[in-house]
Amino acid sequence: MQSIATALQGKRILVTGHTGFTGSWASIWLSQIGAAVMGVGLKPNTEPNLFDEAKIGDLVESKFVDIRDYSALAETFSDFKPELVLHLAAQPLVRLSYREPRETFDVNCQGTANVLEAARQTSSVKAILCITTDKVYKNNEWDRGYVEEDELGGRDPYSASKSAAEIVIASYKASFSDSRPDLKIAVARGGNIVGGGDWSEDRLIPDFIRASVSGAPMKIRYPQATRPWQHVLALVEGYLTLLSGLVSPDADKFARPFNLGPMETTEYSVGAVLELLSNQIEDVDLILEEGNQLHEAGKLALDSTLASEIFGWKPRWSTEEVIRQTACWYKSFYAGQASARELCIEQIDSWKNS
Ligand SMILES: NC(=O)c1ccc[n+]([C@@H]2O[C@H](COP(=O)([O-])OP(=O)(O)OC[C@H]3O[C@@H](n4cnc5c(N)ncnc54)[C@H](O)[C@@H]3O)[C@@H](O)[C@H]2O)c1
């Protein structure tokens, strides 16, 4: 298989959600290898945010378009004429999905249908990779990792909306492969993503960083819960490798769902990750939040054997290294040692050389 750089250099790639955390890292990696990127997303809604800090708008073509607005989306597709689509845009927060279930279903489910339809109507598009999540599986609190054939489900609105998006994606594949045999559709289901430049609400590491910066104590909700913790670069590398596969002669092998989870068998709980973080960034007071908690899955692990067998995907850093690199990113950023973009580029280079 060709390298990501060889396969994607010069390709016209439309990235939805480029104003977000993963989208910003993906935009930097793609522009480094000379892809022609058009980003579509909403204006960032946190202060600070990676899109502004890393000046992504200066790096890639950028349009503020709501994926629920089909005509604006379709116009962008028809003007830009992408060859590939990386669909990241979503309402990705579990706790917000309890407060805003309609919006979550609208963006994640109908928004995905809009992106698929715009891709189907644009003959230049040869492949689309839709990003869902490990939370699409019906959670049985199993010890074993979920495999791609396991039943989909989703109890909270976020998980259900992503699972519903998978049904929409499968329907597009089944219904339109005869009329658009040249349009390949793949799905990536990743685990909990961490890395520098995430300032989203209600996420473990951003909450920890905010507490460290403000001096306020941090509330912990589920210290025993285990998650597949992964560096954003593990996922971005997986997404770009999948896109490369989708434009290769073996494209059909890649046009399906893949789990992208950590390879380690050691499971890290929220408490264990906080301990690793506290070794790097001191002086954050942690307090356990009691009572009346929203349901979140306890155990959640992914089996990524298929991605490893089909395209040799493997995260390059251990969980301990992921947390160390993430803490370093924030420490350097707040110490003003380098710009957010420089820090991302440095970590992309060090990731590639690991
Ligand atoms: N962060 C994680 O731990 C994690 C884990 C698994 C899967 N994912 C998935 O990865 C993707 C990226 O997640 P992230 O953490 O970078 O999220 P993020 O919140 O940082 O970014 C989300 C992006 O989607 C865009 N967006 C939201 N609503 C939109 C709308 N109506 N129209 C257009 N754009 C819209 C935002 O503007 C932003 O650019 C999502 O699909 C998410 O579900 C994330």
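The values are calculated or read from the model by the stated rules, or taken from the named source; none is laboratory data. Note that this is a predicted model, so its numbers are computed, not measured. Cβ coordinates were reconstructed from backbone atoms using ideal geometry, including for glycine residues, and neighbour counts include every protein chain displayed. The accessibility values were calculated without ligands, DNA or RNA, using every heavy atom of the protein model including side chains. Shrake-Rupley method; radii C 1.70, N 1.55, O 1.52, S 1.80 Å.
For this structure, a couple of remarks:
- Averaged over its residues, region 1-97 has an accessible area of 39 Å² per residue, based on protein heavy atoms and a 1.4 Å probe.
- Prolate/oblate/rounded call for region 120-214, Cα gyration tensor, a/c under 1.5 rounded: oblate
- Mean accessible surface per residue for region 199-351, computed with a 1.4 Å probe while every protein chain stays in place, in Å²: 44
- If you plug the beta carbon distance of K253 and D66 into 1/(1 + (r/R0)^6) with R0 = 45 Å, you get a FRET efficiency near 0.85.
- Peptides ranked, highest mean first, by Cβ atoms within 10 Å: ranges 165-178, 43-56: 43-56, 165-178
- Computed with the Debye formula from one identical point scatterer per Cα of the chain, without solvent, the log10 of I(q)/I(0) at q = 0.09, 0.10, 0.14 Å⁻¹ comes to -0.45, -0.57, -1.19.
- Spatially proximal lysines relative to K314 (Cα-Cα < 21 Å; intrachain offsets below 8 disregarded): K135, K253, K352
- For the chain, the dipole from Cβ point charges (+1 on Lys and Arg, -1 on Asp and Glu) about the Cα centre works out to 720 debye, to the nearest 20.
- Three-way shape label, region 100-143, alpha-carbon gyration tensor, a/c 1.5: oblate
- Modelled spin-label separation between S175 and E264, with each label point placed 7 Å from Cα along the Cα-to-Cβ direction: 4.3 nm.
- As a calculated quantity, the FRET efficiency between E141 and D202 at R0 = 22 Å, using C-beta atoms, amounts to about 0.50.
- Taking a span of 30 Å or more along the helix axis (Cα atoms) and a mean Kyte-Doolittle hydropathy of at least -1.0 as the rule, no DSSP H helix of the chain qualifies.
- Shape call, region 1-142: gyration tensor on alpha carbons, a/c limit 1.5: rounded
- Net charge in the neighbourhood of E237 (other residues with Cβ under 9 Å of its Cβ; Lys, Arg +1, Asp, Glu -1) is +2.
- Straight-line cross-link partners of K43 among the aspartates and glutamates, defined as a Cα under 17 Å from its Cα and at least 8 positions apart when in the same chain: D52, E53, D58, E61, D66, D69, E103, D198, E201.
- Whole-angstrom gap from region 92-159 to region 1-80, using each part's C-alpha centre: 20
- Averaged over residues, the count of other Cβ atoms within 10 Å places the peptides 308-319, 184-195 in the sequence 184-195, 308-319, highest first.
- Computed label-point distance, nm, for sites D303 and Q2 using a 7 Å Cα→Cβ extension: 3.4
- Counting charges near I67 (Lys, Arg +1; Asp, Glu -1) among other residues having Cβ under 13 Å from its Cβ returns a value of -4.
- Projected label distance in nm at D150 and E290, using a 7 Å step from Cα toward the beta-carbon: 3.4
- Share of carbon and sulfur in the accessible heavy-atom surface of the chain [1.4 Å probe, %]: 48
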